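Structure, as structure tokens:
The values are calculated or read from the model by the stated rules, or taken from the named source; none is laboratory data. Since the model is a prediction, treat every value here as computed from it, not as a measurement. Please note: Cβ atoms are built from the backbone with ideal geometry, for glycine as well, and neighbour counts cover all protein chains shown.
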Amino acid sequence: MASAPSFAAPPSPAGWPCPRCGTLFSGNFCPRCGLPMGAWAARPPPSSMRPVLSVLWTLAIIAFIVFAVTDFAGLAVSPTLIVPGIQGIQSGQTVNSGMDFNGNWTFDSWGTASTPSYQATGGNQGGFLDMTLFGTGARGFWMQPFRVDGSLPYTASVRLDLEIVGGLTSGRLLVSVDSSSSVPDPATAITVLTFSGPTAWTSTGRLSADARLASPGLYYLKIAFLVDSASGPVDVGFDNVRLAWTTDAAVVLYVPIPLPYPVIITQDKSLFLSYYGLITAAIFLIGGYYVVRERKEIWRAFKAPIESIGTRLRSRSAWIAVGQVWMAVTFFQVALISLLTLAGIEPTSPINLTPQNAWVLLFELANAGVYEEIIFRLVLIGVPMALGSVVLRIMDVNRGATGNGSGSAGRYIAGAWRYLIGGVLRRDSPKEALVAAWAFLFASSAIFGLAHAPGWGWWKVVPSMVAGLGFGYLFLRHGVGAAILAHFVNDYALSLTYEGIGGAGLEALISLVFIGLAIAGAGFLIWYAIDAWRHLTGLAARFRPPTRVPTLPPPTPYVAPTPPSFAIPPTPFPSPPTAAWSPSPPAASPGVAFRDPGRIPREYTPSYAPPPYGYPPVRFQCPYCGWVEARYEAGRFTCTRCGRAA
């Protein structure tokens, strides 16, 4: 009789860690995931690093929870700044921009003999203002005052048309905005345009004057022209001169194609306040929902045996996954910024925080966590996957593969909506769904990275794409809510300091926690990279045809020859003692699933949740590895663990 294989004694009374989920057990099956003991060739040797990694993991997750609490505290305080800012939104512009009548504009000859005039016709659109400059060195300017009020910061732009007639050979157009009624200063002008001769009506396009409006008050728009050289008198006409200003805050809804293209821009105060309240409530509700729904999963990860680092890393809690993904993404971004700085490349940023614009920044960061995840994850990943699932389910209905219950076909097709909000993909999901998920994940992440280039610069594309991969993974595995939480925690990291709470001490403390979490993210980044590679290789293996075990023909039954009549009957051998041996159970053919209830643990809980519309229950056990979960594909059952068809 062959001797039974011998194994080393378990490292502790709790048993050996499961290779799949890390749970310690000493029986024949993992009590958490049901993996049979014989599913691996040999038990792994005990590792002294597992307890160390578990301790580091616990410290990192606790620090992340504290860090996230500061984000939610900043979100709770933000209405004290944002609501008054929204209520104070104002806008305005200069008057008589089309020069429809002679008034509202004042001319100054700037110490020369220049003369003004108003022409009722002949402008680019109706009347226009004109100044006559008599030769080289002549100059003059038109001026109009305007008042700015309301919430800071302001954005302003100037547009105008001009015509030059006469003997000009060289001249300059100055457009200036300042709070003084004195002559314009070329050094502080918002633009200086050079002309080398006469020109027909020409538009200057949009000229930004944001930096000139630093606070509420009275300002002056000045349009000047200087003749540097001329062969005779020069007439310069101005039409459609307008400066428009507004509080630099609005609700902007856009679509990525792939760069953001605005669809709706509004400063309506009621709509603005309602929209801000909606995104704030959504973040609080999502965070609380995951805490309440997954409190047992969170506690199970923390109380797992100290050797079970796998149980912690593979926790089904969305909040734990958010923390791990955020730390991995943060480490990558910090490392890239450090490398760029060492290479002499200074990363640019559109964020220029001041006490006046803090409320706008706080609104935009909260809005980004919600709206960007809806656009880049739900729309670019969830919508195409849901539509693809609808098409495949309709094809299944046409083949009659949805059961015979009343309304089963409609429920089967309606089940595709789950892909829209995410959180339905698992490692054992249909291989076609996994391939589509990987494709849409990379495509949406690339678009997400490119969308950050206009404001941040091209250096931001790669780290934003990596962040998109992390947020997309959370969307596919845990749902759009988890992606929103990760994005919000990332953007609202220093919100309390933006609000002036805690001073330099709190800012230093949050910065230290941030640096510590970024360092811890190195380990999580490595782990997610290894796990993604294993997932991809496993997915590729599922597309290879399964190895067929040749089936031996049944043995020919032995028929003893008939002894001759004269032969002495052979003496029968004595029967073996009772219970000395027992016949082996019939072995199942490799192509037939032989059900052995003894191989299923009593505590086994299936990890696969069937859709609510479902199929009639089918009993299955893989003849190759003994697993008890399978997918029904093309009329056959495929084991979800080894991928073989039975």
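Some notes on this structure:
- Among the candidates LEU506, LEU476, LEU512, residue that is within 21 Å of ALA282 (Cβ to Cβ) and either in the same structural domain as ARG418 (by TED's automatic domain parsing) or within 19 Å of the chain's Cα centre (by Cα) (or both): LEU476
- Helices (runs of 4 or more DSSP H) wholly inside the stretch 408-508 containing at least 2 residues that are farther than 30 Å from ARG393 by Cα and without any contact (Cβ under 8 Å) to a residue 24 or more places away in the chain: 461-478
- Condition check for VAL241: out of contact with any Lys or Arg (no Cβ under 9 Å at 6 or more places or on another chain) and outside any loop (DSSP other than H, G, I, E, B): no
- Annotation for the stretch 202-212: no member residue is of a type in the set (Ser, Thr, Tyr), on the phi < 0 side of the Ramachandran plot, touching a helix residue (DSSP H, G or I) at 6+ places or on another chain (Cβ under 7 Å) and part of a strand (DSSP E or B).
- Just so you know, in the stretch 244-260 the residues that are assigned to a strand (DSSP E or B) and surrounded by 16 or more Cβ atoms within 10 Å (Cβ to Cβ) include one that is modelled with the lowest pLDDT, and it is PRO260.
- Failed item, numbered, when LEU378 is tested on (1) over 30 Å from VAL77 (Cα atoms); (2) assigned to a helix (DSSP H, G or I): (1)
- Sole residue being hydrophobic (A, V, I, L, M, F, W, C) and modelled with pLDDT of 90 or more, chosen from PHE573, PHE514, PHE543, PHE566: PHE514
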